[in-house]
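Here the structure is laid out as C-alpha cells; the discussion comes afterwards.
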Amino acid sequence: MKLAIVAYGDPVLKKKGAEISKEYPELDQLIENMFETMYAANGVGLAAPQIGLPIRLFVIDISDSDEPGCENFKKVFINAQILEESGKLWDFNEGCLSIPDVREDVKRLDTVKISYYDEQFNHHEDTFQGLAARVIQHEYDHIEGKLFTDKLSPLKRAMIKSRLDAISRGAVKVGYKMKFPSVSKKR
Ligand code: NI
C-alpha cells in the first residue's frame, strides 16, 4: 500500500525518532509499504518520519546505481546510530521526497560507520562510502529530525524560503501522494 509522504513544514519531520522493538505492530507490512511508497515516488531512500511516524526506521534501495558499493544495495535500517563519520568532505546535489523540486549541493564526509538492525532484527556494524554513505547520512538525518535544507547557508536558505513555504501550503505539482501541513483554505 502506498502511503502519503509528509511535506516540508510538518512538525513530525523535526522530531527525533524513537527506537522500536521487534514487537512493533505490523513492522513487516510497514517496511513493505515504505518501499512501495518510495519506488512509486522514484526515490532511493525513505525514512519513517516522512510517512508521519517519528521512529528510527529508514529504507534505501540504490541497487540501480552504477556507483561502487551500490550493487544489490537494498537495505532496511532499524534503530540506526552513526558511530563515526570520516574521510573527505564532498558536495552532492541532494533532493528529498518531502521537499519536491528543490535540489541543493550539500557537503558531507564520504565515509560513515553505522550500527543498525535489519528487518530480521539482526545487528550490523558496517562502514559505507561514497553514494551509499551519502544516502544513509540523508536518511539518518530524518530520524534525527533534520532535513538537508538545515545544512544550507543562511543565504541559500533565504533564497529558497518562498519555495519551501509554497511546498508547505501544497502549492507544488507532485507525481505522488503527499500530506501538506498548511493547505490554503482559499482553494
Ligand atoms: Ni529526505
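Any residue at all in segment 42-51 that's over 22 Å from GLU144 (Cα atoms) and within 16 Å of the ligand (Cβ to nearest atom)? Looking through segment 42-51, at least one residue is over 22 Å from GLU144 (Cα atoms) and within 16 Å of the ligand (Cβ to nearest atom). Here is a check on your reading of the model: is LYS15 more than 15 Å from the ligand (Cβ to nearest atom), surrounded by fewer than 20 Cβ atoms within 10 Å (Cβ to Cβ), in contact (Cβ under 8 Å) with a residue 60 or more places away in the chain and within 30 Å of ASP165 (Cβ to Cβ)? Criteria not met by LYS15. Mind listing just one residue for me: the one in segment 111-145 that is without any contact (Cβ under 8 Å) to a residue 24 or more places away in the chain and in contact with a helix residue (DSSP H, G or I) (Cβ under 9 Å, 6 or more places away or on another chain) and, of those, farthest from ASP66 (Cα to Cα)? By that ranking, first place goes to ASP141.
A count restricted to segment 105-137 and to residues that are within 16 Å of the ligand (Cβ to nearest atom) and either touching a Lys or Arg at 6+ places or on another chain (Cβ under 8 Å) or farther than 17 Å from PHE58 by Cβ (or both) stands at 6. Every listed requirement among (1) away from the ligand (no atom under 15 Å from the Cβ); (2) surrounded by fewer than 13 Cβ atoms within 10 Å (Cβ to Cβ) is met by ASP150 save one, (1).
Scanning segment 70-104 for residues that are surrounded by 14 or more Cβ atoms within 10 Å (Cβ to Cβ), away from the ligand (no atom under 16 Å from the Cβ) and assigned to a loop (DSSP other than H, G, I, E, B) turns up CYS70, PHE73. Would you confirm whether any residue within segment 164-175 is part of a helix (DSSP H, G or I), within 20 Å of PHE92 (Cα to Cα) and among the acidic types (Asp, Glu)? Scanning segment 164-175 turns up no residue that is part of a helix (DSSP H, G or I), within 20 Å of PHE92 (Cα to Cα) and among the acidic types (Asp, Glu).
Among residues of segment 69-97 that are in contact (Cβ under 8 Å) with a residue 60 or more places away in the chain, those with a beta-carbon under 6 Å from a residue that is more than 16 Å from the ligand (Cβ to nearest atom) and in a loop (DSSP other than H, G, I, E, B) at least six positions away or on a different chain give the pairs ASN79/GLU19.
Coordinate-derived values only; no laboratory data. Just so we're clear, the structure is a prediction, and the values are computed from it rather than from any experiment. Methodologically, a virtual Cβ is constructed for each residue, glycine included, from the backbone with ideal geometry; neighbour enumeration extends over all protein chains shown.
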